[in-house]
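The values are calculated or read from the model by the stated rules, or taken from the named source; none is laboratory data. What you see is a predicted model; the values in this text were computed from it and never measured. In this analysis, Cβ positions are derived from the backbone assuming ideal geometry, glycine residues included, and neighbour counts consider all displayed protein chains. The protein model used for the area step is the full one, side chains on, heavy atoms only, and it has no ligands, DNA or RNA in it. Shrake-Rupley method; radii C 1.70, N 1.55, O 1.52, S 1.80 Å.
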Amino acid sequence: ISPNMADCVIVAQAAVIDGVLQGPTFIEIHGGVIASVRPLAADEPVPPGAVEAELALPGFVDIHTHGLGGTPDVMDFWTNPGFTQSRHAATGTTSFLASVIFPALSSPGGAAALSLADSLQGRVGQLGHGSVLEGIHAEGPVISDPGALAPGDTDMPLAAFESFLDRLGPALKIMTIAPSMETKSGYARMAALSRRGVVVAMGHDKKATHDEIVASMRTVADAGGRAHITHIFNVSTFNHREPSLVNFGLCSSFPNIPCYQGLQPPTVEVIGDLCHVHALTISGLMSARNPLDVSFITDAMSEACPGARATYCGRPVRVSDSGKFVVLEGSETLAGSCSTLLDAFRTLSGPLGVGVAAAATMLATAPAIRAGLQHVGSITPGKRGDLVLLTRMHDFVGSVIAGQLWPASGRAV
């Protein structure tokens, strides 16, 4: 057993088990893995040394975060992953995908991103650093509308794209790719991703037409997969006559029309800081979709330090005076968030009026399923012992990662 995989017992007054908020619960973790989960009898004594909590949730899983700092430029944050990993652990995020921006690979930025991805591959799955790096979410290089990203390479030949995927290897879990840029290649790059089991995340595309999106989903479905939408509502559009990505993301089912036969609506991810997307819009999304199809993400690129400055792809960026988001200096263009998934949980269970169990589903279970992380996402025997412990008022007590307690200090005990 790894020294970072511990034995512990957690006694919670309430816990989300199998998507349901249950009463007093006894959770036993052995060798970093959940060994048993059962109701706690009314007169059952708490074992000596047990960790007690008022509320236990499955550890949060962030499938889209750019890191929180550690270097002067956002693009270099993952050269110092421990900075972000300890801070994620201190706010309930127990697993994450490192979002890596890939400009055109022939550019200096593209070469640097490749080198960065190489270094991250050896970190995947390692315990003891805090939140566990589970893989990579690549944004680009095949994107149409960069937003705050650096320009990509929309004409990347299939052979070069395949070599790129070979280099990223199994660490690549999700790739954001623009449907409108796939028409010329016959969706061959999406097919290459799907054959490898990589989630095709449609996004950074304001131009994608109805037919391009349907063809993208068909390509993924033919390979046995299901498409996803990157940060729905951001760098994507809705139109009542000419549907685009947002229209598809709001569907829980498709009309009985031949072009949709055999297709599932895409899963979606949404930034939950209430700055990138208005609360009313998020409520509409949740009214339309099953919680298992919605993953809340941070799209974070800084801690909440009002006025803090950094660079991003060589451009100056600044944390807003509210400390909630990052903008490109001298503009109103949102570059990223400063929120945590714990913030999103409190928003969901507070002003958005979502039940604790549904909130936990969208912060842990749904993103774990979407990223193919079968070993995390729920408090289930056989899964890694990852939990978030809170008070009844949702104050943070600590994260449990592979049975090891990480309190708000971000240091394991």
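Comparing ALA223, ALA368, ALA344 in a Gaussian network model of the chain (Cα springs below 10 Å), the most mobile by mean-square fluctuation is ALA223. What does the charge count near ALA178 come to, summing +1 for each Lys or Arg and -1 for each Asp or Glu among other residues with Cβ under 14 Å from its Cβ? Net charge around ALA178: -3.
If a paramagnetic tag sat 7 Å from the Cα of ASP222 along the Cα-Cβ line, which residues of the range 238-267 would have the backbone N under 19 Å from that point? The answer is 258-266.
Other residues within the sphere of radius under 15 Å centred on the Cβ of LEU68, judged by their own Cβ, net out at -4 (K and R +1, D and E -1).
Between THR311 and THR380, the distance separating the two model label sites (each 7 Å from Cα on the Cα→Cβ line) works out to 4.6 nm. Whole angstrom only: what separates the Cα centroid of the range 170-188 from the Cα centroid of the range 390-413? Going from one Cα centre to the other spans 38 Å.
Test of understanding: extend the Cα→C-beta vector of ASP211 to 7 Å, then name every residue of the range 161-202 with backbone N under 16 Å from that spot. Counting only backbone N, you get 179-187. Solvent-accessible area of the chain (1.4 angstrom probe, protein heavy atoms only): carbon and sulfur portion equals 55 percent.
Surface analysis of the chain yields an accessible area of 38 Å² per residue, using protein heavy atoms and a 1.4 Å probe. Computed over protein heavy atoms with a 1.4 angstrom probe, the accessible surface ordering of GLU54, GLU212, largest first, is GLU54, GLU212. Direction-averaged projected area, Cα convex hull, the chain: 19.5 nm², rounded to one decimal.
Approximating the spin labels as points 7 Å out from Cα along Cα→Cβ, the GLU242-to-ALA41 distance works out to 6.8 nm. Counting only alpha carbon atoms, the long axis of helix 210-222 and the longest principal axis of the chain meet at about 60°. Placing R0 at 41 angstrom, the Cβ-Cβ distance between ARG196 and ALA288 gives a FRET efficiency of 0.85 after rounding to 0.05.
Label point 7 Å out from ASP73 along Cα-to-Cβ: which residues of the range 164-180 have amide N under 14 Å? The answer is none. FRET efficiency for the pair GLU332 and SER163, taken as 1/(1 + (r/R0)^6) with r the Cβ-Cβ distance and R0 = 45 Å, rounds to 0.70.
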